[in-house]
1. Which percent of the Cα-Cα distances in the protein assembly as shown go past 47 Å?
2. Quick check of the Kirkwood formula: for region C:136-183, what is the inverse mean of 1/r over all pairs of different Cα atoms, in Å?
3. Regarding region B:81-184, what are the three Cα extents along the principal axes, ordered largest first, in Å?
4. Take the alpha carbon gyration tensor of region B:1-105, find the square roots of its eigenvalues, order them as a ≥ b ≥ c, and report rounded if a/c is under 1.5; if not, report prolate when a/b exceeds b/c, else oblate.
5. Output the pairs from B:Lys19/B:Lys111; B:Lys111/C:Lys70; A:Lys190/B:Lys111; A:Lys46/C:Lys10 with a Cα-Cα distance over 29 Å in this structure; if there are none, say none.
6. Would you give the gap between the C-alpha center of region B:113-164 and the C-alpha center of region B:172-205, rounded to a whole Å?
7. B:Glu213 to B:Lys309: FRET efficiency via 1/(1 + (r/R0)^6), r the Cβ-Cβ distance, R0 35 Å, to the nearest 0.05?
8. Taking the simple approach of a point 7 Å from Cα along Cα-to-Cβ for both B:Ser237 and C:Thr153, what is their distance in nm?
Amino acid sequence: MALNFKQETFRDDYSYSNSAHAIRRFPFPFAEDQYMYSVNIEPHTKGEPGSVYEFPFDIDEHYVAECLDKEITLMQDPGRYHALPHMMDAQWDFLELTMTALANDYPEHFSLSRNGQTWTWDNKPLGVCDTFTFGDSSTLVREPFDYIGRQVQGDFVLLDQRDGTLYADAGIVTSQADWSLAFNVGMSWKEWHGPVPRATEIGVMDRALKYLLNLQLANPVRRLNWTMTVNPRLDTSPENYPYWGGDRNKVNTDNVGDLVNLRVELQSLFRLPRSNAIVFSIRCYLMSLKDVTSYPRWAKRLHRVQKTMHPDLIEYKGMTKFHPIVVDWLSKFDDGAELGIGTHPE
Amino acid sequence: MNMIDVKVAAIKQVTPLIKHFTFVKEDGSELPSFSGGSHIVVALDADGRTYRNPYSLMGSPTETDAYHISVRRQENSRGGSAFMHENVSVGMTLKITHPVNLFTLAKMAHKHILIAGGIGITPFMSQIEDLKRLGVEYELHYAFRSYAQAAFVDELKKSCGSSLYCYGDSDGERLDMQGLLSWQPLGTHVYVCGPSPMVVSVIETARNLGWPEHSIHNEQFLSPPVGEPFKVQLAKSEIEVEVPAEMSMLEAIEAAGVKAEYLCRGGVCGRCELGVLEHDGGLEHHDHFLTESEKASCRKIMPCVSRSKGKRLLLDL
Amino acid sequence: MERGYWIKSKPVYTSLVWHEKATSHLVLATGIGGMAVLKLFQQMHPRQPVTVLYARYAQMDADYSETLKKVVPENLYIFKFEEALLASLKEILPDTRMGLRLYVAGSEGFIWDVAGVAKQFGIDDAEIMKELTDTLARSVYCVHCKSVTRNVTTNIVPCCGCERMLFVRDHFSRNLGAYMGLMVDAESPGELPAIEEIYP
Ligand code: FES
């Protein structure tokens with residue numbers, strides 16, 4: 001099915017919105033009334049047709065607008081892309097993985113033809129068509145990771161595996177939930193996860209690392225993470241915090257449903273073949289609280305999860321200022337009826 | 001673990017003890033690319049059981065129309081290598097895992113010293129391809145019993161040129177480890193694969209010279225050792241499994257139809273780790289994964305290589 | 001900082017102790033760091049060759065160069081400025097072999113300047129023994145304009161690049177040799193918490 005790409009913005013006038021179809025397929029992350037911080041890693045296998053899990057890299061109606069937003073962010077701050085020199089093999093691995101997946105899963109929008117090392121990539125929605133030599137960076141306008149990273153929704157970090165840990169040695173990061181690539185590049189797993197609150201279960205990060213060190217080719221994994229963002233803004237980076245931080249003061253009882261967005265990250269990890277590196281893909285989905293309430297089941301669930309959140313986590317996710325307003329607003333949608341386990345909308 | 005079906009396309013007797021196998025995809029399509037130093041696990045059904053043995057991939061990581069492995073016939077083989085030598089023939093189909101790399105090159109090193117003993121040359125065969133492609137400085141030091149029995153010397157001469165140094169024991173040629181490792185520029189990493197005395201000697205020499213730990217790498221796959229038979233009870237599956245002397249605990253568990261995790265089957269990766277709930281008489285740890293204190297606690301075991309000292313184990317599986 | 005909350009990115013510094021296993025030793029220090037070098041030689045004079053580079057500048061009133069001359073038998077080089085010491089380090093390392101052990105004593109800024117040079121020669125900072133002397137002053141990286149403000153002793157500091165008031169976080173980047181500074185009053189302009197000297 002061909003996608004209808006929307007014209008919309010993730011900054012200034014924030015014209016971003018979700019169609020009924022996008023709402024329905026939203027990766028709602030709460031299966032139970034209580035939220036627990038955990039590793040919750042599962043195999044990234046093919047999901048239901050139409051769901052965000054159908055393909056390894058999900059492309060949706062926001063694709064074109066999101067790529068445009070990425071361009072703006074990268075133009076204003078080239079430091080959002082960084083790759084240490086030893087990551088070149090991983091860059092080509094990433095390019096192969098994403099181009100192959102997109103051409104295979106969305107043939108009406110993307111195509112890739114390979115003739116030995118000479119590849120032609122045709123990206124119709126963005127109007128990009130290039131022929132290059134696989135493995136030779138000089139045949140592309142940018143480094144391979146930068147080139148294709150701009151053409152896939154989401155953020156990507158390439159992790160090098162050595163000395164029994166993972167190092168974040170390359171990244172293209174324009175829609176992050178408050179962490180800085182320029183600051184974090186080259187960090188080991190432990191350093192990277194330095195500022196995580198106590199409320200996170202002890203040992204969670206160590207166990208996740210152990211698991212990822214053994215991640216296998218052709219067996220990617222995924223997990224969901226979430227937070228809330230004021231306005232449908234992709235670039236909630238620390239770099240631009242002076243420009244968006246003040247928005248947290250604007251939330252009130254009347255506008256909370258429109259202004260506050262549930263922000264869900266579909267994080268997936270793939271082992272790369274030639275470099276033995278890992279791609280950490282962070283795909284961001286935004287949905288206003290009002291849209292969440294299109295499905296009463298979701299509204300009730302969200303209310304209960306938020307009501308019982310640990311204050312440390314609320315602080316960690318930067319929601320302290322507006323969180324009480326959110327809980328109060330959501331309470332109107334919660335009749336207390338029992339909900340079964342599961343994230344489904346109805 | 002999803003396996004790949006391959007067909008044996010060619011078998012070559014390289015030396016009296018070593019056979020080289022070429023695998024291709026059954027449908028002729030390409031196999032996955034991999035990184036130098038990777039291995040695959042080959043699954044073989046024979047005598048009513050499944051052998052799963054890890055072997056290093058030898059070809060160039062960029063040529064993926066075929067995979068290449070070499071198997072040395074082990075004396076006292078528990079079956080795996082003997083079976084590969086005697087029963088595997090051209091045209092047969094086998095199942096293999098996707099490549100896994102537990103012996104990677106350090107990408108930030110300024111120079112690489114590779115030291116191989118005998119059949120330990122295999123993981124380096126793919127690594128030198130990566131090193132040549134990346135244009136990084138390296139030396140390959142290859143020690144063996146005799147030129148007559150050494151595999152791939154001519155091939156290596158051709159591909160490594162002056163970066164290859166050979167040492168034939170029967171010709172009185174010895175590798176001077178101390179000399180080699182005391183005169184390397186900063187940023188050098190050393191890698192060793194071969195018989196265990198050689199591995200130990202490289203590690204010790206480098207350490208004594210003050211090489212930092214992270215610049216010393218070794219690959220030492222263990223074949224599951226033969227031991228005394230014992231019983232394992234699986235707490236969750238609620239079954240009891242006999243582990244015969246010449247079978248590993250992991251193989252016995254798999255043979256009983258219980259799904260168990262694994263990657264290397266050589267005591268290195270840590271994937272197969274199981275919790276020990278009860279034991280009578282201690283554990284016989286053979287792996288390189290658990291720390292000394294974990295081993296002493298007797299609460300964890302790596303069933304791919306380790307065994308029970310007593311008659312019975314209760315596992316959390 | 002909260003109790004029991006250990007930020008893993010924060011470097012841990014120790015006292016200098018000779019590595020027993022080594023081919024040669026290279027000791028670098030500034031200012032009060034000279035004392036750490038003297039203590040090192042109190043432990044023993046190693047069998048392997050030792051080179052000491054010392055810069056007096058960091059704190060004028062703490063100059064150990066005279067005492068060092070008496071204690072360090074040979075290969076002692078004294079510099080007036082840190083920069084000259086680092087330049088000399090760059091000349092020494094290319095001719096050095098594996099088995100070299102590095103020891104650094106001085107301010108955090110100096111330690112990570114040395115680590116930065118060593119990295120170019122394939123030496124990982126984890127291999128360097130580091131002793132923090134002189135001061136707890138921090139280098140602070142402004143996440144907004146990317147400038148680094150050096151010698152910060154307070155919890156909040158104006159950025160030397162963009163002049164925003166930065167809160168000094170406990171998150172450290174080895175690559176940059178600096179702590180993260182984040183605008184403190186972005187959500188409520190002009191509202192500043194008390195500024196206190198906590199890294200004297
Ligand atoms: S399978 Fe790797 S340690 Fe057992």
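1. Values: 116747 of 371953 pairs.
Looking at the protein assembly as shown, the distances longer than 47 Å represent 31 percent of pairs.
2. Details: mean 1/r = 0.0997 Å⁻¹.
Kirkwood hydrodynamic radius for region C:136-183: 10.0 Å.
3. For region B:81-184, the Cα spread along each principal axis is 48, 36, 23 Å.
4. Numbers: a/c = 1.44, a/b = 1.31, b/c = 1.10.
Rounded shape, in that the Cα axes give a/c under 1.5.
5. Details: B:Lys19/B:Lys111 32 Å; B:Lys111/C:Lys70 39 Å; A:Lys190/B:Lys111 27 Å; A:Lys46/C:Lys10 40 Å.
The answer is B:Lys19/B:Lys111; B:Lys111/C:Lys70; A:Lys46/C:Lys10.
6. 14 Å
7. Values: r = 31 Å, r/R0 = 0.88.
For R0 = 35 Å, the calculated efficiency reads 0.70.
8. Using points 7 Å along Cα→Cβ, the separation is 6.7 nm.
The values are calculated or read from the model by the stated rules, or taken from the named source; none is laboratory data. In this text, all values refer to a predicted model and were calculated from it rather than measured experimentally. Ideal geometry is used to build each Cβ from the backbone, glycine not excepted, and the neighbour counts take in all protein chains shown. Keep in mind that these areas ignore ligands, DNA and RNA; they rest on the heavy atoms of the full protein, side chains included. Shrake-Rupley method; radii C 1.70, N 1.55, O 1.52, S 1.80 Å.
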